[in-house]
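J.: Quick one: structure below, then a few questions.
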Amino acid sequence: MKPRDMNPFDVRSIDVSKRRGRGGEGRDMSRLLSDFGHELPSAAPALHPPKDARLFRHVPPRGARRPGRGWASGAAPVSTWRMTSEQAPVLWPFISTPGLPPTGAQMGIDLLSGGSFYADPLGWVLDDTVPVTNPNIFSLGKPGRGKSATTKAFCLRMMDFGYRVLVLGDPKDEYEPLCRFLDVEPFAIGHGLPARINPLAFGPLITGWDQLSAEAAQGRAAIVFARWLTLVRGLVGSQRIGEHRVPFGPTDEVVVKAALAHLTGYAHGNTRMRETTIPHLWRLLDAPTSELVAQCRYADERHFLDDTRMLRDALGQLVSGALAGLFDDHTSIDWTGPPRSSR
Ligand SMILES: Nc1ncnc2c1ncn2[C@@H]1O[C@H](COP(=O)(O)OP(=O)(O)O)[C@@H](O)[C@H]1O
Ligand SMILES: [Mg+2]
C-alpha cells in the first residue's frame, strides 16, 4: 500500500504492524483513533478468579499409579462417579434399597432410604435370603418417645397377618384398652381374683402321652420336668431373705424333681400322667414319704425336713403367704383356645 493512496481517516488502511516493524514508533489502533477524538471502548479485563485448591480429585479405579499410592493391578469392580457436593447428598450414603424386604407390618419411614419401613421379625427369620436369625425385639428410647405406642401398633398390625398376641402382664394397664377394642376380655390374676395359673401344668405336651413309647415318654418328660424346675426356681428365687434371693440349688432341684415324679405318677411308671399343683408339692415335702426321703438320699425324715426348710417355706409363701392366690391351683383360664372376640 502506497502512502499516497492512504486515506488518513480510514483506519483499516493503516498497516500498523509494518509501521511498528520500522523501529516501533507507530501508533496502535486505539492511539490513532484517540488522536482523532475517538475512544475505543475498552473490554473489561477478563476475570480469572483465583483457583481454589481442589478438594476432590478424580482417582482412576485402580488408584494413582505411583509408588506408595495403593495402585491395584486388577480393576476393582466399582463404578466411579463424579458429582458436585450438591448432588452427592442425593446418593449418600449410597444405600439404594432398604436391607429388609417389605413384608409384615408397615411401621413408618426408614430414615436412611426414605422408603417405608416394615417389621416382620418371624418372617425375616424364616426367610433364608434375609440375614436375620433371631425374631426378638428390643425397644429402646427415652420415656414418652413412643415405645409403648409403637409396640401396640405393631401388635395390632401383625394381627392382620394371622399372628396371635399374648401380653404377659400389663402393669400400666396399657394393653387393656387394646383388648377391649378387639372385644377380648383380658385375664386378670391377683389377690382375691378367681383366675389361677398352674406353673405345674403339662400344657399341650400331655396330649397323647398314654400312647407314647417308653422312649418317647422319657424324652417328653425331660422337657416337661426341665420347664417345671425352671418355673419353681423362678418362683422360689423371686422371694427374698433381706437383700438376697432365696437360693434354689442342686439339692433343692433333686428334691423337687423327685417329688414331682411321685406326684405325677412318672416315678411309678404310670402311662397316664396326673397334673399336680404347688400346694400338692408343698404338702408332700412337708410330710415326705419314706420312699421320697430314701430316694433323695436323706438319712431320715428329720434330716429331710431340716434340709428342705427354706424350700418348703418358700413354696408355702406361694400357697398361703404373700403370693397366695396366683399359682396355687389348676389353671382356670383357657389361653390355648381362640381369644374371646366377636370380631
Ligand atoms: N407417633 C406418634 N404420634 C403421636 N403421638 C404419639 C406417637 N407415639 C406416641 N405418641 C404419644 O406419646 C405419648 C407417649 O408415648 P408412649 O408410647 O407411652 O411412650 P413410651 O412408652 O416410650 O414411654 C403417648 O401419649 C402416646 O399416645
Ligand atoms: Mg411405655
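Bear in mind these aren't lab numbers, they're just calculated from the coordinates by the rules spelled out. A quick note: this is a predicted structure, and the numbers were derived from the prediction, not measured. With ideal geometry, Cβ positions are generated from the backbone for all residues, glycine too; neighbour counts draw on all protein chains shown.
J.: Have a look at 264, 150, 207 and tell me which one the Gaussian network model of the chain (Cα, springs below 10 Å) gives the largest fluctuation.
T.: Between 264, 150, 207, it is 207 that shows the largest mean-square fluctuation.
J.: Tell me the mean residue ellipticity at 222 nm calculated for the chain from its helices only (DSSP H runs of n ≥ 4, each -39500 (n - 2.57), averaged over every residue, nearest 500).
T.: -9500 deg cm²/dmol
J.: Return the distance in nm (one decimal) between the two label points of a simple spin-label model at residue 191 and residue 103, each offset 7 Å from Cα along Cα→Cβ.
T.: 4.8
J.: One quarter of the convex hull surface, Cα atoms only: what value does that give for the range 101-181 in nm²? Don't skip to the answer; put the middle values down first.
T.: On the way: hull surface 25.9 nm².
Result: 6.5 nm².
J.: For the range 101-181, what's the relative contact order in percent, using C-alpha pairs closer than 8 Å and at least 6 residues apart?
T.: 21
J.: Rounded to a whole number of µm²/s, how large is the Stokes-Einstein D of the chain at 10 °C and 1.306 mPa s, given Rh as the Kirkwood radius over C-alpha pairs? Write down the numbers at each step before the final one.
T.: Working: Rh = 29.9 Å.
Calculated translational D: 53 µm²/s.
J.: In addition: So if I take the centroid of the Cα atoms in the range 134-212 and the same for the range 53-72, what is the distance between those two points in Å?
T.: Each part reduced to its Cα centre gives a spacing of 59 Å.
J.: Now, a different point. Build a GNM of the chain with springs between Cα atoms under 10 Å: which of 314, 46, 217 gets the top mean-square fluctuation?
T.: With Cα springs under 10 Å in the chain, the top fluctuation among 314, 46, 217 is at 46.
J.: Under 5 Å between amide hydrogens, which residues at least 5 positions from residue 118 or on another chain qualify, with H placed 1.01 Å from N in the peptide plane?
T.: Long-range HN contacts for residue 118: 107.
J.: Go through the range 161-178 residue by residue and turn each phi into a ³J(HN,Hα) via Karplus (6.51, -1.76, 1.60, θ = phi - 60°); whole Hz please, and just put x for glycine and proline.
T.: Along the range 161-178, the couplings run 9, x, 6, 9, 10, 10, 9, 8, x, 9, x, 9, 6, 8, 8, 4, x, 5 Hz.
J.: Around residue 103, under 11 Å between beta carbons, what's the net of Lys plus Arg minus Asp minus Glu among the other residues?
T.: My count for the surroundings of residue 103 gives -2.
J.: Starting from the Cα-Cα distance between residue 151 and residue 172, subtract it from 0.36 nm times their residue separation and give me the gain in nm to one decimal.
T.: That pair, residue 151 and residue 172, stretches by 6.2 nm at full extension.
J.: Sticking with this one: Taking the square root of 5 times each eigenvalue of the Cα gyration tensor, what semi-axes in Å does the equivalent ellipsoid of the range 203-327 have, largest first? Don't skip to the answer; put the middle values down first.
T.: Values: eigenvalues 131, 63, 31 Å².
Here the semi-axes work out to 26, 18, 12 Å.
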